[in-house]
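What follows is a set of notes on a single structure, which appears directly below.
The values are calculated or read from the model by the stated rules, or taken from the named source; none is laboratory data. Note that the coordinates shown come from a computational prediction; the quantities given were computed from them, not determined experimentally. Here the Cβ positions follow ideal geometry from the backbone for every residue, glycine too, while neighbour counts run over all protein chains shown.
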Amino acid sequence: MYNHVVVSQFTDDEIDRIFHALADATRRDIVTRVLRQEESISQLARRYDMSFAAVQKHVAVLAGAALVVKQRNGREQLVHGNPEVLRKAARLLDEYERVWRRRADAIADILSEEDT
């Protein structure tokens, strides 16, 4: 039953892409920034001590995970966050927590039976 809930929200590949993208501090910072306010890749690149191409690659990883959306505006690419994917990821983590809590409760029940 549990696997069905997880699979209905995301495929395994989607889950892997999301958590791989969020595993990097720079990418998490980019997501935070573009959730607050849309920024161009050029604006983002000025914020980090790395090349424009490196920031562009970070944005591409985030876009591949659907955590951000890129839109062309003339010569610039604007980036904005996709809160719906973050909400789905949060629901997935909530489901993992529910599974863990059920298991912890089952262990507690077994231990309390042994005490009686």
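Only one entry of R72, R46, R28 meets the criterion of being among the basic types (K, R) and either outside any helix (DSSP H, G or I) or at pLDDT below 95 (or both), and that entry is R72. Pairs meeting the criteria (first residue in the range 31-57 and loosely packed, with under 14 Cβ neighbours inside 10 Å, second residue β-branched (V, I, T), beta carbons under 8 Å, at least 6 apart or on different chains) are M50/T26; F52/I41.
The residue that is farthest from K70 (Cα to Cα), counting only those in the range 85-98 that are without any contact (Cβ under 8 Å) to a residue 40 or more places away in the chain and under 10 Å from the mean Cα position of the chain (by Cα), is A90. When the range 50-69 is filtered for residues that are over 20 Å from I18 (Cα atoms) and not in a loop (DSSP other than H, G, I, E, B), the ones remaining, listed by number, are F52, A53.
Applying the selection to the range 31-43, what residues are assigned to a helix (DSSP H, G or I) and of a type in the set (S, T, N, Q)?
Scanning the range 31-43 gives T32, S42, Q43.
Scanning the range 75-95 for residues that are of a type outside the set (G, A, S) and assigned to a helix (DSSP H, G or I) returns P83, E84, V85, L86, R87, K88, R91, L92, L93, D94, E95. Of all the numbered requirements in (1) modelled with pLDDT of 95 or more; (2) under 19 Å from D24 (Cα atoms); (3) hydrophobic (A, V, I, L, M, F, W, C), A90 misses one, and that requirement is (1).
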